[in-house]
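Below is one structure, written out as structure tokens; the observations come after it.
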Amino acid sequence: MNLFRPISSPTIKGTAQSIWVKPKSQRQNLDFDKALPPQESRFRFITDETQLNNIEKIKYPIRVFDLKGLGFTDKEAQDFITLFSDDSGMAEDLYTMKIKQIEFLKRKLPGHEERLNGFLKDYYTGRKDLIEISDLIQQLQGDNKIKFNSIGPTRSRSIQSFDIKQTPDNNSWYFIYVLSNNYQQDVTASDYRSELREFNWTALDKTSHPLFKKFIASIAELTGELLDKKNIEKIKMTFHEVRVYAPGSPAPEGPHQDGTQIVLTAFVIERKDIDGGKSIVYNGAPSEKGTSTCIEKTLEPGQGCFHTDTGTPIWHYVTPIEKSNSTQDSLNRPSRKTLGLDIEVVLKNYN
Ligand SMILES: [Fe+2]
């Protein structure tokens, strides 16, 4: 039995218009009560919910892993990291730059906050451009004008969606590529992440690589261990390849959930000359009383963090990154590169 071998070459399906996000009201609530305990998993974890002794009892799976724990050999792990250290196919993410620009204007021109808030939604989605608020920008003087003009993209990104299915014997997983470069998060309407965004597709030479397929099949199998695998019709995944430049914030929205059932918040590919970027997982919304911090860990290259998300009390955050004091200036911008997955399970009896 080879769990990690796709049964056929990837097939291509879907249209550029298709998106997979369902409204919350149509979502299945998953029951994690029968999740396979981490000690019985076929995978080995660096940290899991049963090892977290700062919390009395965590009812939901939280697993920190590395590639070796997923069954990669040292060479496979190194090759996988090398494959994704390359940024081909990625493009600058202008969405975060737009938020920074408007936040800056709101700080400097506080009397215009309402107008700027109204403008942000249309600017964010590309329906309006900065020309619409040129009268406000012209009010900036001296240093502020220079600072505003220097706000540029601080991250680059690609995405790829997949449907992951099982062979009839439940022994292997295979992919169907969903051809959509649209991305929308199932969060409240007032949250800018609810807006439809477009990103580059991840380069096909990466997503068709056998080690990428092994990685995705491992995460599908790990997901299957949390539920009754035989009842899974398919797993919908949206893959994110993200590089954040320092100084910058991997989670500008603060502590959050991503609006999906399960999330691989970050699998770290590279930490280039940076400090910070510590992953924090909370048991409970951080704004509420009684919330505890489950995990505070700076993930190293080759390590990832996988846990439940919307519909459970598990929230997460990543601290900002800065250029490391201990490194010399070099031509390369300090940065943190990660992979992420939004994971949505469709059970067989669900229409
Ligand atoms: Fe997130």
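The values are calculated or read from the model by the stated rules, or taken from the named source; none is laboratory data. From a predicted model like this one, the values you see are computed outputs, not experimental measurements. Cβ sites come from the backbone with ideal geometry, for glycine too, and all protein chains shown count toward neighbours.
Quick one: in the stretch 265-285, of everything that is within 12 Å of the ligand (Cβ to nearest atom) and small (Gly, Ala, Ser), which residue is nearest to the chain's Cα centre (by Cα)?
ALA266
Would you please list the contacts, defined by Cβ atoms under 6 Å and residues six or more apart or on different chains, that run from a residue in the stretch 62-76 that is in a loop (DSSP other than H, G, I, E, B) to a residue that is of a type in the set (Lys, Arg) and surrounded by fewer than 20 Cβ atoms within 10 Å (Cβ to Cβ)?
GLY69/ARG44
With respect to THR265, is the statement that it is within 22 Å of ALA77 (Cβ to Cβ), surrounded by 19 or more Cβ atoms within 10 Å (Cβ to Cβ) and of a type outside the set (A, V, I, L, M, F, W, C) true?
Spelling it out, THR265 is indeed within 22 Å of ALA77 (Cβ to Cβ), surrounded by 19 or more Cβ atoms within 10 Å (Cβ to Cβ) and of a type outside the set (A, V, I, L, M, F, W, C).
Regarding ILE262, is this residue modelled with pLDDT of 90 or more, assigned by TED's automatic domain parsing to the domain that holds ILE159, within 16 Å of the ligand (Cβ to nearest atom) and touching a His at 6+ places or on another chain (Cβ under 8 Å)?
When the stated conditions are applied, ILE262 passes them.
When the residues of the stretch 237-258 are filtered to those that are under 11 Å from the mean Cα position of the chain (by Cα) and within 13 Å of the ligand (Cβ to nearest atom), which remaining residue is surrounded by the fewest Cβ atoms within 10 Å (Cβ to Cβ)?
The selected residue is ALA251.
Between ILE159, ILE151, which is touching an Asp or Glu at 6+ places or on another chain (Cβ under 8 Å), outside any helix (DSSP H, G or I) and modelled with pLDDT of 80 or more?
After ruling out the rest, the residue left standing is ILE159.
Hand me the list of strands (runs of 3 or more DSSP E) wholly inside the stretch 249-351 holding 2 or more residues that are of a type in the set (Asp, Glu).
335-347
Is one or more of the residues making up the stretch 328-341 in contact with a Lys or Arg (Cβ under 6 Å, 6 or more places away or on another chain) and within 13 Å of the ligand (Cβ to nearest atom)?
The answer is no, given that none of the residues of the stretch 328-341 is in contact with a Lys or Arg (Cβ under 6 Å, 6 or more places away or on another chain) and within 13 Å of the ligand (Cβ to nearest atom).
Is it fair to say PRO313 is within 14 Å of the ligand (Cβ to nearest atom), over 28 Å from THR207 (Cβ atoms) and either touching a residue at least 40 places away in the same chain (Cβ under 8 Å) or among the hydroxyl-bearing types (Ser, Thr, Tyr) (or both)?
No, not satisfied.
Within the stretch 323-336, does at least one residue satisfy the condition of being assigned by TED's automatic domain parsing to the domain that holds LYS165, surrounded by fewer than 17 Cβ atoms within 10 Å (Cβ to Cβ) and within 23 Å of ASP66 (Cβ to Cβ)?
For the stretch 323-336, residues assigned by TED's automatic domain parsing to the domain that holds LYS165, surrounded by fewer than 17 Cβ atoms within 10 Å (Cβ to Cβ) and within 23 Å of ASP66 (Cβ to Cβ): present.
So, in the stretch 287-310, of the ones that are small (Gly, Ala, Ser) and within 26 Å of PHE72 (Cα to Cα), which residue ends up farthest from the ligand (Cβ to nearest atom)?
So, considering only residues that are small (Gly, Ala, Ser) and within 26 Å of PHE72 (Cα to Cα), the one farthest from the ligand (Cβ to nearest atom) is GLY302.
Within the stretch 166-194, track down each residue that is assigned to a loop (DSSP other than H, G, I, E, B), modelled with pLDDT of 65 or more and buried (at least 19 other Cβ atoms within 10 Å of the Cβ).
SER172
Return the total of residues in the stretch 284-306 being at pLDDT below 95 and either in contact with a Pro (Cβ under 6 Å, 6 or more places away or on another chain) or among the hydrophobic types (A, V, I, L, M, F, W, C) (or both).
5
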